[in-house]
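Notes follow the structure.
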Amino acid sequence: MDATPSRRRPPAVVMDERVAETFNPLGEEIERLMYGYSLPCCLADSLAHQPFACTGTVMRPDTLREHGLHAGFSRVDVLDVQNDFYRFLAAAEPHVAGVAVSGGSVAASLR
């Protein structure tokens, strides 16, 4: 029996603004509002704090999946939570007994 403690992190839940899954130059009202927040605040802040990914406020599921995989999670799934303004995702880390997976948390990667 292996008495080695598990090094598995619990899934990370990420709440993000609900924008379209793909870019549309005309965008819906919420998406235009998010870009309004992003340009002067969130994107500018992420550019000032390197070495973080400079994605600003408008992150689509594929962008969040990419950040999660880069942070060492095995997958990032959109959760079935009904909300008009926010999208919820869960990032799960692979677990191999006795092997630590490198990489930070999604929250650290998205700062």
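Need the full-extension length gain, Leu33 to Val81, defined as separation in residues times 0.36 nm minus the C-alpha distance. One decimal, nm.
Values: separation 48, 0.36 × 48 = 17.28 nm, distance 2.14 nm.
Answer, rounded to one decimal: 15.1 nm.
Loop-only check: which GluC sites (Glu not before Pro) in the stretch 12-67 are DSSP coil with at most 14 other Cβ within 10 angstrom? Walk me through the numbers on the way to the answer.
Working: sites: Glu17, Glu21, Glu28, Glu29, Glu31, Glu66; in loops: Glu21, Glu28.
Of the GluC sites (Glu not before Pro), the ones in loops of the stretch 12-67 whose Cβ has at most 14 other Cβ atoms within 10 Å are Glu21, Glu28.
Values in this text are rule-based calculations from the coordinates and carry no lab data. The model shown is predicted, which means the values in this text are computed figures rather than measured ones. Reconstructed Cβ throughout: ideal geometry from the backbone, glycine too, with neighbour counts over all protein chains shown.
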